[in-house]
Amino acid sequence: MPSAAASRDSPQTRPAATGPKVSGPFASIHKRYKNAIVSLGAPAYSPHRPSAVEREQVIRALQESREAERLSIDTFSARVELALSAKSASQLSQLLVDLPERHRLGRFFLATVARISDWTARVELAWREPRLPLLALPTRDSVTVGRSSRSDCIIAHSTVSRRHALLRHDDDRWWLRDLGSTNGTLLNGCRVIEDVEVRPGDHVVFGEADYRLARSM
């Protein structure tokens with residue numbers, strides 16, 4: 001049966017209902033952004049799916065090439081299946097790449113639609129992604145980050161370990177190290193295994209508590 005001390009030190013795997021609370025030397029800058037939303041899972045990017053009209057245009061072009069005997073029956077049938085199941089406008093345009101000159105305008109139109117749709121989807125994703133709260137980089141030698149009241153930077157989040165990570169300042173450069181936390185530390189999406197250099201603007205995740213690093217003000 002686990003001891004009471006071990007139970008207290010083991011973080012839960014589910015995030016707390018309220019946002020992370022920060023105290024210590026980082027409290028002032030965190031307070032400015034206390035209303036910022038912590039991103040625990042940005043929506044996945046997905047390309048534009050072709051409309052029924054776009055699919056019909058491609059199938060009509062394939063049919064014309066079949067009637068002109070430029071495509072075999074098997075090739076025509078296979079490309080129609082691909083046109084009906086294509087997941088993006090760029091996939092549709094590939095079905096017309098070897099067709100004669102008169103279909104070049106159709107290929108150009110589909111390629112343009114694909115580029116515009118791709119750009120639109122990325123812009124929408126950027127607007128939906130919430131702003132991250134800022135975490136000030138230390139100005140002294142080093143600070144500990146964790147859930148414990150003894151930490152220099154206290155993050156009251158259920159997925160943060162009592163002694164979670166160490167931020168070190170050395171000659172105007174900063175370094176981050178995970179201190180054997182249960183849920184790990186991520187830097188720009190990559191797990192921190194050993195000392196790694198960090199910079200203002202980097203995205204750091206302690207357990208499931210997200211922050212954007214910033215210079216102290």
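Compute the signed sum of charges (Lys and Arg +1, Asp and Glu -1) over the other residues within less than 9 Å, Cβ to Cβ, of ASP178. Charge balance near ASP178 sits at +1.
Full extension of the chain between ALA52 and THR75 yields a length gain of 6.2 nm, computed as 0.36 nm times the residue separation minus the alpha carbon distance.
Since every read-out is calculated from the coordinates, none of them should be taken as a lab result. Nothing here was measured: the structure is a model prediction, and the numbers come from that model. A quick note on method: Cβ atoms are made from the backbone with ideal geometry, for glycine too, and the neighbour counts reach across all protein chains shown.
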